[in-house]
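In what follows, a structure is listed as structure tokens, so that the remarks can point back to it.
Every number here is computed from the coordinates shown, using simple stated rules; none is lab data. In this text, all values refer to a predicted model and were calculated from it rather than measured experimentally. Cβ atoms come from the backbone with ideal geometry, glycine included; neighbour counts cover every protein chain shown.
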Amino acid sequence: MSLVFAGVCSHAPGITGRADRADPEVRDAFYAKLDELRQRLEAAAPDALIVVAAEHFANFFMNNMPAYCMGMAEQYEGPIEDEEWLGIRRTEVPGNKDLSRRLIEAMLGEIDLAYAEEWKFDHGIMVPLHFLTPRYDVPIVPVNINCQGPPLTPLPRAYQFGRALRKACDAQPERIALVGTGGISHWPATPDSGTINEEWDRQFLERFLANDREAMTSYTDAETFRDAGQGGFEIRTFITVAGATEGATGELLFYAPIPIFAVGCTVATMNVQ
Amino acid sequence: MSLYYVQKLLYQLNRDPAVRRRFEEDRDDLLDEYVLTEEERRAIEEGDIGLLYVMGVNGQLLMHYSALLGQSWDEYIAAMKEGVKKHGPVRGGLYTLLKDREQ
């Protein structure tokens, strides 16, 4: 089969961990759109879900930091964080080792992709799964792009990575769904937590939803850091999804800054052609 | 300044229950394994979140150490702000990226 679904969403730990402190009206509207994303995902009937995430020093550290890594295990677990802190119970999450292996083999011709047979999911994957596969019954193929410890992969490379991922998916018999997850502008876990540059977010989203490769990959890291904070580096996950759906445009289901969640909360889909 | 090792310790503390146990029961022995200045070692031992932030520890690591020490989210944010007030601006790491580029 091939890629049957593509979407993006936010993953900030506050979304579940500080849920009771958000304006209930905006929070519930956001949750409702996450649930719509879940319904659309389920309607695509995927055999596996690839989550392109930007983890936060749960498995990967500066002693040996891969620019790109894909999980290749039969099973994962998460969250690695304190369950109370994140508001998500620790659980086992099924993987699909054989599919991972085939995807990795297909991509290595173009991408120097690292792999990991051990992976403890942090909030970057667990928050999306909490909403999108709440019964943890869809096999997950985790992908990480280093968005935390510079030097980081250049944005055009993230787009190319998406293209290669798509090509690899289309060569498999399974129905594969893809979700990218990251912040847009945000300054997480710093004294500026809660600051959100809505104007920058909306401009990026416009570029992303139009699948304007040139425009969405034109930011330098210094510009992103200045205007969108260190959390803005995570646009690489969105850009990968755009690369995997090159030629298609997207649909914004939700965007609203929710400061106590420390991010402009976003839900969108990309059309898969 | 050995920010790398401060962060490595927090990384391992966050992800490994066995390291957390050693941190409780055998702290000196554990800390001896990391290349730390006296100031860094003291900041870790005293749980000085504000100073660790000023030293340049990434918040994605630091917020979990703060939670491990029993601080609430608001206490964590306040501790970083207090640290900047007391010790001055962040000295290294990711948050000085623009400053480093200009030099």
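The HN-Hα couplings worked out from phi for the range A:110-121 by the Karplus form 6.51 cos²θ - 1.76 cosθ + 1.60 (θ = phi - 60°) are 10, 10, 7, 8, 7, 10, 9, 8, 9, 6, 9, 5 Hz, whole numbers, x standing for Gly and Pro.
Could you give the size of the charge dipole of the range A:3-270 about its Cα centre, using +1 on the Cβ of each K and R and -1 on the Cβ of each D and E, expressed in debye and rounded to the nearest 20?
On the way: 23 positive and 39 negative charges, 83 e Å.
The dipole of the range A:3-270 has a size of about 400 debye.
What does the convex hull of the Cα atoms of the range B:3-102 come to per residue, in Å³, rounded to a whole number? Before the final figure, lay out the partial values.
Details: hull volume 9.8 nm³, N = 100.
Convex hull of Cα atoms, per residue: 98 Å³.
Converting the Cα gyration tensor eigenvalues of the range A:18-153 into ellipsoid dimensions via √(5λ) gives semi-axes, longest first, of 26, 19, 14 Å. Note on the range A:11-75: Rg/Rh from Cα positions, Kirkwood definition for Rh, rounded to two decimals, is 1.07. Expressed to the nearest 5 percent, the antiparallel share of DSSP beta bridges inside the protein assembly as shown is 50 percent.
Principal axis extents of the C-alpha atoms in the protein assembly as shown (largest first, rounded to whole Å): 58, 42, 41.
Among all helices in chain A defined by DSSP H, which have a length of 18 Å or more along the axis from Cα atoms plus a Kyte-Doolittle mean of at least -0.5? Before the final figure, lay out the partial values.
Numbers: long enough: A:24-43 (28 Å, -0.88); A:155-170 (23 Å, -0.59).
Qualifying helices: none.
Near residue A:156: Cβ cut-off under 11 Å, other residues only, Lys/Arg at +1 and Asp/Glu at -1. The net charge is +3. Between amide H atoms placed 1.01 Å from N, distances below 5 Å from residue A:253 occur with A:267, A:268, A:269, all of them 5 or more places distant or on a separate chain. Cross-link pairs exceeding 31 Å in C-alpha to C-alpha distance, out of A:120/B:86; A:120/A:167; A:33/B:99, comprise A:120/B:86; A:33/B:99. Over the residues of chain B, the helix contribution to mean residue ellipticity at 222 nm works out to -20000 deg cm²/dmol, using -39500 (n - 2.57) for each DSSP H run of at least 4.
Among A:231, A:109, A:124, which one shows the highest mean-square fluctuation when chain A is modelled as a Gaussian network with alpha-carbon springs under 10 Å? Of A:231, A:109, A:124, the most mobile in the Gaussian network model is A:109.
If each DSSP helix of 4+ residues adds -39,500 (n - 2.57) and the sum is divided by the residues in chain A, what number results at 222 nm, nearest 500 deg cm²/dmol? Please list the in-between numbers first.
Details: 10 runs with 99 residues, N = 273.
Result for chain A, helices only: -10500 deg cm²/dmol.
For the range A:86-126, the spread of Cα positions along the three principal axes, ordered from largest to smallest, is 40, 18, 12 Å.
Along the positive direction of the dipole of chain A (beta-carbon charges: Lys, Arg +1; Asp, Glu -1; about the Cα centre), which of A:184, A:205, A:70 reaches farthest? Value: A:70.
Taking Cα centre as origin and charging only the Cβ of basic (Lys, Arg, +1) and acidic (Asp, Glu, -1) residues, the dipole magnitude of chain B rounds to 480 debye.
If the segment from residue A:35 to residue A:170 were pulled out straight at 0.36 nm per residue, it would be longer than the present Cα-Cα gap by 45.9 nm. Over the range A:155-273, calculate the relative contact order: mean separation of alpha carbon pairs under 8 Å at least 6 apart, over the residue count, as a percent. Computed over the range A:155-273, the figure is 37 percent. For the range A:139-271, the Cα-based Rg and Dmax, in that order, read 14.4, 48 Å.
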